[in-house]
Amino acid sequence: MLQIEQLNKRFGGLHAVRDVSTTIEKGKINAIIGPNGAGKTTFFNLISGAIKPTSGRIVFDGQDVTGMRADQVAQLGVSRTFQATSLFERATVLDNLIVGHRLRTRSGLMDVLLGSKRLKEEEARCREKAREALDFVGLSHVAHRIAADISQEERKRVAFALALSTEPKLVLLDEPAGGVNPEETVGLAELIRKMVRSGLTVCLIEHKMNMIMNLADKIMVLSYGEKIAEGTPAEIRSNPVVIEAYLGSEHAAA
């Protein structure tokens, strides 16, 4: 689904991503791991269009998207979440999600001024998609609660729902289990599996190694902006370079 060829990103003298080539496989759970400062989020920013690469090539679903803006990449079917879930705190959860499907609407200022039929139809469609996304992530019961009043785990699920409401093909999850307890982590992992069973492709960044090793089909390891390994969880767990650079002996295959 996504092919990355010799991707580079420099910030002045800092080489944040260095000659990374990889593929994100369709219908699979792909993971990116590595120590803090390894370039993981920068890599996500590059493939989602948030920042432009210094050099290299990004091909999504057969189309070269190198250097495209984030909104253009999103239109093609790439959505993402962030480490921190930012919501409109004084709006309801449902109203927060309605924003997501606006990516797929056409109405503009004149439609608003005239109260056009197209505007009304699209507003109804956005509300419907928001309800579908909330139901998918198991949060229909909080639809009308103010966003500021929901729990951290519920905020994570709302972030998933917001990504889903854009009708993506590929979902990028940046530390989806950050800040939640082990039981909640298990629930979020099952939600990720559900996303893939529904036909989506997922790529996630995560530091919780037990979750990654039990969840991912394929793992890429970054260190100081470079890819140092790639393979199945079993291959990564037993890779001496990865053990030394990141995992430590306690995660070695046993």
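The values are calculated or read from the model by the stated rules, or taken from the named source; none is laboratory data. Please read all numbers here as calculations on a predicted model, not as lab measurements. Please note: Cβ atoms are built from the backbone with ideal geometry, for glycine as well, and neighbour counts cover all protein chains shown.
Structure notes:
- Scan of the range 57-85 for residues that are closer than 18 Å to Lys9 by Cβ, in contact with a Ser or Thr (Cβ under 7 Å, 6 or more places away or on another chain) and touching a residue at least 40 places away in the same chain (Cβ under 8 Å), ordered by number: Arg57, Ile58, Val78, Arg80
- Selection from the range 230-250 of residues that are surrounded by 15 or more Cβ atoms within 10 Å (Cβ to Cβ) and touching a Ser or Thr at 6+ places or on another chain (Cβ under 9 Å): Glu230, Val242, Ile243, Ala245, Tyr246
- Residue in the range 39-62 that is crowded, with 20+ Cβ neighbours inside 10 Å and in a strand (DSSP E or B) present: yes
- Leu191 in contact with a helix residue (DSSP H, G or I) (Cβ under 9 Å, 6 or more places away or on another chain) and surrounded by fewer than 20 Cβ atoms within 10 Å (Cβ to Cβ): yes
- Of the numbered criteria (1) at pLDDT below 95; (2) in contact with a helix residue (DSSP H, G or I) (Cβ under 9 Å, 6 or more places away or on another chain); (3) not small (Gly, Ala, Ser), the one Asn36 fails is (2).
- Sole residue being of a type in the set (Lys, Arg), within 30 Å of Gln72 (Cα to Cα) and modelled with pLDDT under 95, chosen from Arg197, Arg155, Arg193: Arg155
Rundown of residues vs (1) more than 30 Å from Glu5 (Cα to Cα); (2) in contact with a Gly (Cβ under 9 Å, 6 or more places away or on another chain); (3) modelled with pLDDT under 90, yes/no style:
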residue: Asp61; (1), (2), (3): no, yes, no
residue: Arg69; (1), (2), (3): no, yes, no
residue: Ala74; (1), (2), (3): no, yes, no
residue: Val78; (1), (2), (3): no, yes, no
residue: Ala84; (1), (2), (3): no, yes, yes
residue: Ile98; (1), (2), (3): yes, no, yes
residue: Gly108; (1), (2), (3): yes, no, yes
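- Boolean, Thr166 is of a type in the set (Ser, Thr, Tyr) and in contact with a strand residue (DSSP E or B) (Cβ under 6 Å, 6 or more places away or on another chain): yes
- So Val221, is it at pLDDT below 95 and buried (at least 22 other Cβ atoms within 10 Å of the Cβ): no
- Unique match (being within 20 Å of Lys218 (Cα to Cα), touching a Phe, Trp or Tyr at 6+ places or on another chain (Cβ under 9 Å) and assigned by TED's automatic domain parsing to the domain that holds Asp174) among Thr23, Thr41: Thr41
- Count of residues meeting criterion [free of Cβ contacts under 8 Å to residues at least 40 places away in the same chain and closer than 24 Å to Gly178 by Cβ] in the range 15-41: 1
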